[in-house]
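Contents: one structure, followed by commentary.
What follows is calculated from the coordinates using simple rules that are stated; it is not laboratory data. Worth saying up front: this structure is predicted, and the values here are computed from it rather than measured. Using ideal geometry, Cβ is built from the backbone for each residue, glycine included, and neighbour counts are taken over all protein chains shown.
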Amino acid sequence: MFDFSIVTQWFHALLLSFLPEGVAVFLECVIIGLFLLLLYALLACALIFMERKVCAAYQCRLGPNRVGPWGIFQVFADVLKMLTKEIIEIRHADRLLYNLAPYIVVVASVLAFSCLPINKGMEILDFHVGVFFMMAASSIGVVGILLAGWSSNNKYSLIGAMRSGAQMISYELSIGLSIMTVVMLTDTMQFSQIVERQADCWFIFKGHIPALIAFVIYLIAGNAETNRGPFDLPEAESELTAGYHTEYSGMHFGLFYVAEFVNMFIVAGMAATIFLGGWMPFHIPGLDGFNAVMDYIPGFVWFFAKAFFVVFLLMWIKWTFPRLRVDQILHLEWKYLVPIGLVNMLLMAVIVVFNWHF
Amino acid sequence: MNALKHYIVDFFRALGSLLVGMKTTMREFFTRKTTECYPENRATLKLSPRFRGTLTMIHDEENHHRCVACGLCQMACPNGTIHVVSRQETTPEGKTVRVLDRYEYNLGSCMFCQLCVNACPHQAITFDQEFEHAVFDRSKLLLKLNKEGSSLKKQ
């Protein structure tokens, strides 16, 4: 198993050989930040491209295929176009909050993004309470969305933002419950530890029935959390033009758009980490030869393969189901997902206590 | 108790219907895509049979058409795209009949509504699949649909 901490330790030693420690650490932080933002932007491009291709396939089309081979440069062309557009400041808007809102959304999603363990030794933020930190960081995004809707001075933006607030705050509950179900099985909240504990078997197999139910609940709630799929009524085009980002133009709109897609990746990556073993290769206890072969595939390949698989599941859901009404969304959450999540948690507790898991 | 039963039954029914939907879209995901990559597949391009390209007059091998120059298509046309120019001729039996001289069609103002084709009592005109209409001069859009030297098909 390739351990990325070898690279980081070598680099740290290299910097220490000619720099004082404080400067070296600062420099490392800057470099990691740059790589994080680069990965963030590239992932957003990849996800937008994937979204367009997958959506096209579900609608019996080919999708973008003109710019570059199979249209892979289409998204880059779109980004360039977006960067050249004017950022319009509307009159009677709350200038400060209006300009601040997209950055809050992006900062929240970058924070949550940096919690994902991509490879062994490649965790950027790895706390003992990593799960809590990730959920707290991703919830900051709601503030940005509410601010965007409020400061735009537009009733559609405000309605979209309020719907988004109601929806994201309720579905946070289901996400928390389903993650807690797994945390009960792992007895740790540190992401690196969560992945390490799946070395013998992924949690979705280890925790069998309750883990599977928690996975499904997590997918539904995650879709709602990112304002996508059948839960995209904060930006319901036919009713609210574009919801909370109606009044935004240029790259400010681009930031909302990018954050939405990376949030989807964060949800998928979190599902991959918690339920499907993160960067941990597919291991079957007892088959040592098979496990050794699987270890030759580096961890980040496993991680991205699993995350993109979950992204595909999310897109499958999105392009299958029609949009829900706001009362139906809250009905689904409070009358179905939360009770099922609670019962599921109880079931997991029983299974853990009697040691019925694998 | 009844409410609980309803709750559970509804839950599983809803789950079933959601799965049916997901199965349907997954089947659609793998079907052959209908997109035509147009300039590349120009030779093998398949258009649907009802596609309306250009108005044409049907001619058989002996250069006969079926237009009796009644002018119903010209009257049906909302845009004044069609002008049927006819002349009077006397047959050997001494009857005076109207004969098509020129069937003028302005492609530039046609909106492909098919009212002319529907109005024609003899099925003399139809829309073919030719759709590459771009030209550099508007006068090239003024077409004459009856071929040179063609005549009315004898019944």
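What percent do you get for the relative contact order of chain A when only Cα pairs under 8 Å and 6+ apart count?
Result for chain A is 22 percent.
By its C-alpha gyration tensor, with a ≥ b ≥ c as the square roots of the eigenvalues, how is the protein assembly as shown shaped: rounded for a/c under 1.5, else prolate for a/b larger than b/c, else oblate?
Judged from the Cα gyration tensor, the protein assembly as shown comes out prolate (a/c at least 1.5, a/b above b/c).
Tell me which GluC sites (Glu not before Pro) from region B:11-93 have a DSSP coil assignment and no more than 11 other beta carbons within 10 Å of their own.
B:E40, B:E61, B:E62, B:E93
What's log10 of I(q)/I(0) for region A:2-147 at q = 0.08, 0.15, 0.20 Å⁻¹, Debye sum over Cα points only, no solvent?
-0.36, -1.07, -1.23
Relative contact order, percent, of region B:1-126 when contacts are C-alpha pairs under 8 Å separated by at least 6 residues?
Computed over region B:1-126, the figure is 23 percent.
Under a cut-off of 16 Å between alpha-carbon atoms, report the aspartates and glutamates in cross-link reach of B:K147, not counting same-chain residues fewer than 8 places apart.
The reachable aspartates and glutamates, counting only those whose Cα sits under 16 Å from B:K147, are B:D60, B:E61, B:E62, B:D101, B:E104, B:D128.
Counting each DSSP H run of 4 or more residues in the protein assembly as shown as -39500 (n - 2.57), what helix-only mean residue ellipticity at 222 nm follows after dividing by all residues, to the nearest 500 deg cm²/dmol?
Taking each H run of at least 4 residues, the total per residue is -18000 deg cm²/dmol.
Any lysines with Cα under 17 Å of the B:K23 Cα? List them, leaving off those in the same chain fewer than 8 positions away.
A:K318
Hey, got a sec? Which chymotrypsin sites (Phe, Trp or Tyr not before Pro) in region A:10-102 land in a DSSP loop and have at most 10 other Cβ atoms within 10 Å?
A:F18
Which one, A:Y336, A:T181, A:A272, is farthest towards the positive end of the dipole of region A:90-353 when Lys and Arg carry +1 and Asp and Glu -1 on their Cβ?
Going by the charge dipole, the pick is A:Y336.
Can you give the longest run of chain A that contains no GluC sites (Glu not before Pro) sitting in a DSSP loop with at most 12 other Cβ atoms inside 10 Å?
Here the longest segment lacking exposed loop sites spans A:90-358.
Work out the mean other chain Cβ neighbour count within 10 Å for the residues of A:54-67 and drop it here as an integer.
Per-residue shielding by partner chains comes out at 3.
Calculate the mean, over all residues of peptide A:285-294, of how many other protein chain Cβ atoms lie within 10 angstrom of the residue's Cβ.
0
Taking region A:244-303, how much of its Cα-Cα pair set, in percent, is spaced more than 14 angstrom apart?
67 percent
With unit charges on the beta carbon (Lys/Arg positive, Asp/Glu negative), name the residue among B:S86, B:I125, B:C67 whose Cα is farthest towards the positive pole of the charge dipole of region B:51-152.
B:S86
By how many degrees, 0 to 90 and rounded to 10, does the Cα axis of helix B:2-30 deviate from the longest principal axis of chain B?
Approximately 40 degrees, to the nearest ten.
Helices from chain A with mean Kyte-Doolittle at least -1.0 and a Cα length along the axis of 30 Å or more, per DSSP H: which?
The qualifying helices are A:21-58, A:130-151, A:155-186, A:250-275.
Which pairs, out of B:K46/B:K154; A:K120/A:K206; A:K53/B:K140, put more than 32 Å between their alpha-carbon atoms?
B:K46/B:K154; A:K53/B:K140
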